[in-house]
Amino acid sequence: MQSIVEVKDLVVHYGSFEAVKGVSFKVARNEIYGIVGGSGSGKSTIAKTLVGLEKKTSGDIILNAASVQMIFQDAVGSLNPRMTTKQTLSEALRHAKHSSSRSVEELVDIVGLSKAVLNQYPREMSGGQCQRISVARSLAVNPEVLIADEPVSALDVSVQARILNLFRDLRRELSLSIILIAHDLAVVKNVCDNVAVMEKGLFVDEGPAERVFSSPKSDYTKRLLEGCFS
């Protein structure tokens with residue numbers, strides 16, 4: 001089966017600093033793929049490079065998808081504070097032009113919110129609601145791939161679970177492929193099909209989620225599992 005995302009020997013520099021040191025991975029269609037590591041490991045750099053926000057130094061990125069969208073960690077900060085939910089989603093649909101036939105009402109329904117939020121501003125909503133609006137905005141262009149960069153790290157544990165369940169529902173209902181970036185292995189444990197563990201710009205462990213959790217290959221993975229970050 002053809003991968004929807006394929007990365008080969010990706011290297012990314014910030015000046016003389018090598019943030020990503022030659023990583024390779026594939027994401028299948030309708031897969032949730034996790035990239036996990038501590039702060040500064042390079043995982044967010046990979047995410048930004050995949051959507052063109054950072055420039056690769058070398059390597060290949062093959063995207064077999066018509067549209068790739070990114071969801072950011074700071075959901076509240078990513079929304080215009082002067083725009084209601086309806087205005088935010090309407091603007092996204094205008095930019096989508098002919099790639100979406102959905103309405104703003106359908107978008108909020110897909111992410112499990114009531115139509116009452118359409119007239120609310122970001123400051124009037126919870127962090128979890130804002131993250132759902134961020135997800136809804138990304139769905140305006142009917143993407144085939146979602147890249148979620150630390151989408152639950154700023155949320156309470158109970159809210160985290162609901163957002164992660166939303167990603168699983170979207171994968172099933174919309175046949176989405178999702179790359180989930182996280183610093184906590186517990187976040188991806190029950191969500192991802194495959195997981196890569198990243199340390200200092202390199203993948204130190206990769207494979208089916210069940211194997212990574214039951215038989216970690218690297219000491220770093222073991223420390224992550226114990227809740228200890230280097």
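Going through Val141, Val157 one at a time, which residue ends up being β-branched (Val, Ile, Thr), open to solvent by 10 Å² or more (accessible area, probe 1.4 Å) and over 22 Å from Glu106 (Cβ atoms)? Exactly one residue qualifies, and that residue is Val157. In the range 164-175, the residues that are within 14 Å of Asp193 (Cβ to Cβ) reach residues that are in a helix (DSSP H, G or I) with C-beta atoms within less than 9 angstrom, at least six apart or across chains, in these pairs: Leu164/Val187; Leu164/Val188; Phe167/Val135. Filtering the range 3-10 for residues that are open to solvent by 60 Å² or more (accessible area, probe 1.4 Å) and in a helix (DSSP H, G or I) leaves an empty set.
Screening Lys48 on (1) among the charged types (D, E, K, R); (2) assigned to a helix (DSSP H, G or I); (3) free of Cβ contacts under 8 Å to residues at least 60 places away in the same chain shows it passes everything except condition (3). Quickly run through the range 51-70 and pick out the residues that are under 30 Å from Gln120 (Cβ atoms), in contact (Cβ under 8 Å) with a residue 60 or more places away in the chain and out of contact with any Leu (no Cβ under 6 Å at 6 or more places or on another chain). Listed by number, the residues that qualify are Val51, Ser67, Val68, Met70. Among the residues of the range 37-45, is any touching a His at 6+ places or on another chain (Cβ under 7 Å), under 30 Å from Lys222 (Cβ atoms) and of a type in the set (Ser, Thr, Tyr)? Checked against the condition, which is being touching a His at 6+ places or on another chain (Cβ under 7 Å), under 30 Å from Lys222 (Cβ atoms) and of a type in the set (Ser, Thr, Tyr), the range 37-45 yields at least one hit. Screening Pro81 with (1) under 30 Å from Val195 (Cβ atoms); (2) part of a loop (DSSP other than H, G, I, E, B) gives one miss only, at (1). On the stretch given as the range 193-230, residues that are open to solvent by less than 10 Å² (accessible area, probe 1.4 Å) and part of a loop (DSSP other than H, G, I, E, B) total 1.
Across the range 34-65, the number of residues qualifying as open to solvent by less than 20 Å² (accessible area, probe 1.4 Å), farther than 19 Å from Leu225 by Cβ and not small (Gly, Ala, Ser) comes to 4.
Within the range 115-135, residues that are in contact (Cβ under 8 Å) with a residue 40 or more places away in the chain reach no partner that is of a type in the set (D, E, K, R) and surrounded by 13 or more Cβ atoms within 10 Å (Cβ to Cβ) with beta carbons closer than 6 Å at six or more positions or on different chains.
Given (1) at pLDDT below 90; (2) closer than 14 Å to Gly38 by Cβ, identify the lone condition not met by Val159. With (1) at pLDDT below 90; (2) closer than 14 Å to Gly38 by Cβ applied to Val159, the lone miss is (2). Of everything in the range 96-132 that is under 22 Å from Ile179 (Cβ atoms) and either among the polar types (S, T, N, Q) or exposed (fewer than 13 other Cβ atoms within 10 Å of the Cβ) (or both), the residue that is modelled with the highest pLDDT is Gln131. Of the residues making up the range 71-86, just one is of a type in the set (S, T, N, Q) and loosely packed, with under 15 Cβ neighbours inside 10 Å, namely Asn80. Please verify whether Val135 is farther than 25 Å from Gln2 by Cα, open to solvent by less than 60 Å² (accessible area, probe 1.4 Å) and more than 16 Å from the chain's Cα centre (by Cα), treating the condition exactly as stated. No: the conditions fail for Val135.
The values are calculated or read from the model by the stated rules, or taken from the named source; none is laboratory data. This one's a predicted model, so the numbers in the text were calculated from it and none came from an experiment. In this analysis, Cβ positions are derived from the backbone assuming ideal geometry, glycine residues included, and neighbour counts consider all displayed protein chains. For the accessible areas, the whole protein counts, side chains as well, though only heavy atoms, and no ligand, DNA or RNA atoms are used. Shrake-Rupley method; radii C 1.70, N 1.55, O 1.52, S 1.80 Å.
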